[in-house]
Structures are given as structure tokens and as C-alpha cells.
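J.: This is the structure I have questions about; it appears just below.
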Amino acid sequence: MDIFLQQIINGLTLGSVYAIVALGYTMVYGIVQLINFAHGEVVMIGAMVALWVISSLAGGAMPPVVIVLAGILCAIPVCMAVGYTMERVAYRPLRSAPRLAPLITAIGISIILQHVAMLVWSRNPLPFPQILANPIFEIAGATISAVQIAIIVLSLLMMGGLTLLVYRTKLGVAMRATSENPQVAGLMGIDINRVISMTFIIGAGLGAMAGVMVGTYYGQAHYTMGALLGLKAFCAAVLGGIGNLAGAMLGGMLLGVVEALGTGYIGEITDLCHVSGISTALAERCAEDGHMVVFGSNYQDVFAFIVLILVLVFRPSGLLGERVSDRA
Amino acid sequence: MSLLSVRGLKVAYGGIEAVRGIDLDVEAGELVALIGANGAGKTTTLKALAGMLRPAAGTVRYADSDITGVASHRLIRQGVALVPEGRGVFARLTVQENLQMGAYIRDDRPAIAQDLDKVFGLFPRLHERRAQVAGTLSGGEQQMLAIGRAMMSRPKLLLLDEPSMGLAPLMVQKIFEVVHSIAAQGVTILLVEQNALLALEAASRGYVMESGAITLSDSAPALLASPQVRQAYLGE
């Protein structure tokens, strides 16, 4: 099996999900300069609602595809309602407050949503019903599953759709104008509150889809699943340049690939048996086991944060985050 | 009945009153200048009239309805457009997109296209640069863009905040020619300027503002002749 190609495929799958979640962060940041740390929880709620609907309908007369679709169609509006409500109730009253206040509020909302989810859906990891046939295809020594293909294709479609929305529709123009200068956008007749609400709603809708995808991919859902996923997607958004849509897409994909390759190769790279000559004790161990790995693939989650630190040190504005000067 | 009639307008930032109860009238079709030194409260007044700031007290009537405290995104639909101080162009949007933003409240595509051509006719420079992002324009071009953008909403009342600020004399002249031609089209204009001479030469009437209050109001020629204005604002 070709590890390199395999990890690229896995990375693109995961990266698609990161990209979709990162879009939610970056859109909100672009408009209200807020890191909505509760966005990961929206993703989790999407997964939970879909899981609940799919398990309730599974085993009935409906074809599996219809059931999954029903799950998605329930998850999206629920997440949209959650996204709208958190902006309306928690962030809007703080819009003119110092930026730290909404940020701390976002962390608070995240904790609240996690624990409400724990009360509703229990503290245990729930199996995500695998009702769709998931054939596995072989390409050039690596494998790709139908679910992986679906995740990548759906994500690309959503990214394309969002790009069209932002660059081709009146709402999109209003969003771009509001993100640049809300006061002047108001002078143009744009209802800023509506645009901000729509931004949260669209971001949450994407988050719902990401939740369903990641639940299907890993085959389980848990009330804390949004926290780490959200943080990684946030890293992806920063990597691409926060506030930049194309940046979030690129950052998500890159982060997914970096993480997959890192996970795939970290064991081999940190295998002390490459340098077994430095000590006789080590040489003995290596002769016995063949491997003396310092960091194994359980360090999977570390790569996103290494990337975050590197970006913050070397290119804080992110890959595509070169902004035209805001001043005239 | 005046198109715009302001009574006892007060605007405060926090506890500090920047505008301390002013009266002001603009008749339909008039070009009225509001002059005064830096910090007199002129911009604050315009912002309150355009719905960007909520007045602390007083009333603003426009076209026979009370618009006190109405938000800017609603006022523009009634024909009140503000060209903000510092132009406020969308730096990351192209020139053409900026102009289209001006027509955001309108749905009549053919007429919008016509008006776009009109603005390009008025400012050929903008036509040359229509595909450029506005952040790359010079200050004068941005001012043209800001005025053109405001015109795209087909305003009845145009509020102009310091259109000459930071521009070279030739450009200032060009901008004021455009202000004249807009006024000649029948658009009512309230012009805020630090350049008192230019403003009073363009306007039919003027108000002089000092520390948040209106201290003089007269016809423009009378203000230009008044010793007080000549001394304080025309450097004599």
C-alpha cells in the first residue's frame, strides 16, 4: 500500500471538513471581527441531530439515502437556528463592547452548548448509524471509500456555492461591503443586522453539513467532538488568513493533508532505531523490536497547533491574508 | 415647508455634547453650506442627519415626516444620501462594484446601468479605472467615487462632508464643478466644509458653526461680506 497517496486521500477528506468548518469561523470574523469559539459546538449539534434522526428512521421502509438526506435536512435548520440565536442573544448586545467581551462570551456559549448536548444526548460516544453502503475503491495502491468521495465532492460543491453567493448575489455584495465598513454599508441601505444574522446562519448551515460528514466518516458522535474539530478548523482559518474565504478553503485542505502526512510519517521519522548506533542499549532494543518510536500516530492532534504556531510566528496574516490597506 | 428642518438637535458622544441644540433648514433645490472650524460639530451634525448617530434631543423633519433617530439604511430609501468624511469607499471592492453598492436600494437594472454611464460621464477617470479596486485610487479619485456612489441612489437630499479635504487645488476645483452640476440637476445639497470661501461661493445660504452651536446664518454673499466670517474663516 502506498502510504503517501493514502495519507493524501485521507488528508483531503479531513481537510474538506476542516475547510467547511473554517469557512464558518472566517465568515463571522470577516463581518464582526469575532472568533466565534462556539462554532465547533454548532458542528457537534449538526452531527447529533442527524444521528438522532437517522437512528430513528433507520430500519424503516425508507431507502437509506433518503434517511441520510432527512438527517441532513433536519440538522441544517436546527444549526441555523442555533447560530442565529447565539448572535441575536449573546453577541449583538455586545457589538460595541470591547472585543474581549464577545470573545469570552463565545467561550461561554461553547461550554453551555456542550453541556446542554451532554444532557440531551448523554456523555457517551454514540455510534453514528452506518446505513449507507460504503464501497471501497482502489487507486494506484491506495484506497478511497464512497463516503470519502462524497465528503470531498460535497465540500467542493459547498465551497463553490458559497463563492457564488458571496461574489454573485446581492446578499454577497452586502456581506463584503459590511465586512469592510459596516457604517458606510448602512449608508448604502444595507441592513447590517440582517447581514450579520445571515452570516451566522450560513456559517451554521455549513457547520451542520460538516457535522454530518464527520460523524459519518468517523462513525461516531460525542458531545465534545466539536471542541477539537472547531479548534483545528480555527487553525485552518488562521493558516489561510482569517477573514478570507479562499484562505479558509485552502487552509482547511492544507491542514488536513499536513495532519494526515504528519500522522502517517511521524512514527517512522521519530524512530530512534535510525540512530541506533548512539548507544548499545538502544541497539539491543532495536535488534529485539525493530522499532523504538518516540512519537506515534497518537500525536495526530498536535500538527494543527504546530501549524498555528508557525503561522503566527512567520506569517501572522496567513497565506492569503494580505489585506489592502483599509485606510484611504 | 422646508425639505429638511432641524430643531434643537443635540448629539452627544458619551457625556460630551458635540452638537448643542441647533436649528437648521434646507429648502428643496437649495445648496446650503455649513462651515466652521475643525471640531465645531459639523460632521457630527451630518452623521446625525444621515442616521449614523442617534440624536440626544431635538427633531429632524424631512419631506414632511419625522426622521429623528431613523437608521441610515432606512433613510437612504427616502432619498437622504451622505458622502462621509474621508470618503469611505470600499477599498477592496472595484470602482464599479462601489458604484453598484450606491444603487443597492434600487432594483431597476436598466435605469441603474444608465446612471452608471452618467457617473462615468461625469468622472471619466472612474470609467478608466472601473475594474480596479478602490483602495488603489488617489484621494481625489476616491472622492469622485464617493460622490458618484451617493448619486447612484438617486438622492433628493445629498449631505456632503468635507469633499475638498486633503485634495490638490485642481482636484478641489473639479469636485466643486461636479457639486454645482449635481445642484443644477435639482438635488438639494447640504455641504459641510472647512474651506469656507469655496463653500460659500457655491452655496446660496450658509450656517456658521462654532463649538456645537450655530452662531451665524445668512445668505452666502452676506456671510462672505461679514467681517466676522472674513476674520475667522477667510484669513483676513
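J.: Let me know the whole percent of all Cα-Cα pairs from region A:227-328 that are separated by more than 23 Å.
T.: Working: 2246 of 5151 pairs.
Here the tail beyond 23 Å accounts for 44 percent of pairs.
J.: Give the average, rounded to an integer, of partner chain Cβ atoms located within 10 angstrom of each Cβ in B:71-77.
T.: Across the residues of B:71-77, the mean count of other-chain Cβ atoms within 10 Å is 5.
J.: Using +1 on the beta carbon of Lys and Arg, -1 on that of Asp and Glu, and nothing else charged, what's the dipole of region B:4-233 about the Cα centre, debye to 20?
T.: 500
J.: Compute the semi-axes of the equivalent ellipsoid of region B:4-233, taking the square root of 5 times each eigenvalue of the Cα gyration tensor, and list them largest first in whole Å.
T.: 28, 20, 16
J.: With 17 Å as the cut-off, how large is the P(r) tail for region A:142-271, expressed as percent of Cα-Cα pairs? All intermediate terms of the calculation are to be shown ahead of the outcome.
T.: Numbers: 5676 of 8385 pairs.
Result for the distance tail: 68 percent.
J.: What order, most packed first, do the peptides A:81-89, A:12-20 have when packing is the mean number of other Cβ atoms within 10 Å of each residue?
T.: A:12-20, A:81-89
J.: If one takes the longest principal axis of the Cα atoms in chain A, at what angle in degrees, from 0 to 90 and to the nearest 10, does the Cα axis of helix A:225-240 lie?
T.: So the inclination is approximately 80 degrees.
J.: If I compute solvent accessible area with a 1.4 Å probe over the protein chains, what percent of it on the protein assembly as shown is carbon and sulfur?
T.: That fraction is 62 percent.
J.: Which angle from 0 to 90°, rounded to the nearest 10, does the C-alpha axis of helix A:245-269 make with the longest principal axis of chain A?
T.: Once rounded, one gets 20 degrees.
J.: Going by a 4.7 Å Cβ-Cβ cut-off, which cysteines of chain A have no partner at all?
T.: A:Cys74, A:Cys79, A:Cys235
J.: Return the average number of partner chain Cβ atoms within 10 angstrom of each residue Cβ along peptide A:187-199.
T.: If you average over the peptide's residues, the count of other-chain Cβ atoms is 5.
J.: Show the residues, 5+ positions off or on another chain, whose built amide H is closer than 5 Å to the amide H of B:Val89.
T.: none
J.: For a test of the definition: using alpha carbon positions, the gyration tensor, and the 1.5 limit on a/c, classify region A:106-198 as rounded, prolate or oblate.
T.: Verdict is oblate for region A:106-198.
J.: If you keep only loop residues by DSSP, which trypsin sites (Lys or Arg not before Pro) in region A:234-328 have at most 15 other Cβ atoms within 10 Å of their Cβ?
T.: Hits after loop and neighbour filter: A:Arg323, A:Arg327.
J.: Over the Cα atoms of chain A, each weighted equally, I'd like the Debye log10 I(q)/I(0) at q = 0.14 Å⁻¹, rounded to two decimals.
T.: -1.10
J.: Within 10 Å of each Cβ of B:81-88, how many other protein chain Cβ atoms are there on average?
T.: Counting Cβ atoms of other protein chains within 10 Å of each residue's Cβ and averaging gives 3.
J.: Compute the angle between helix A:39-57 and the longest alpha-carbon principal axis of chain A, please, reported from 0 to 90 degrees and rounded to the nearest 10.
T.: With both axes taken from Cα atoms, the answer is about 80 degrees.
J.: Another one. If you project the alpha carbons of region A:1-101 onto their three principal axes, what span does each projection cover, largest first, in Å?
T.: The principal-axis extents, from largest down, are 50, 41, 15 Å.
J.: May I ask you to order A:244-253, B:82-91, B:174-183, A:297-306 by the average number of other C-beta atoms within 10 Å around their residues, highest value first?
T.: Going by the mean number of other Cβ atoms within 10 Å, highest first, we get A:244-253, B:82-91, B:174-183, A:297-306.
J.: Still on this model: Using only Cα atoms, what Kirkwood radius does the protein assembly as shown have, in angstroms?
T.: The answer is 27.0 Å.
J.: Determine, for each peptide in A:142-154, B:24-36, the mean count of other beta carbons within 10 angstrom over its residues, then list the peptides with the highest first.
T.: Details: A:142-154: 17.1, B:24-36: 21.0.
Per-residue Cβ counts within 10 Å, averaged per peptide and sorted highest first, yield B:24-36, A:142-154.
The values are calculated or read from the model by the stated rules, or taken from the named source; none is laboratory data. Remember, it's a predicted structure, so these values are computed and weren't measured experimentally. Cβ atoms come from the backbone with ideal geometry, glycine included; neighbour counts cover every protein chain shown. Remember, those area values only see protein heavy atoms, side chains included, never the ligands or the DNA or RNA. Shrake-Rupley method; radii C 1.70, N 1.55, O 1.52, S 1.80 Å.
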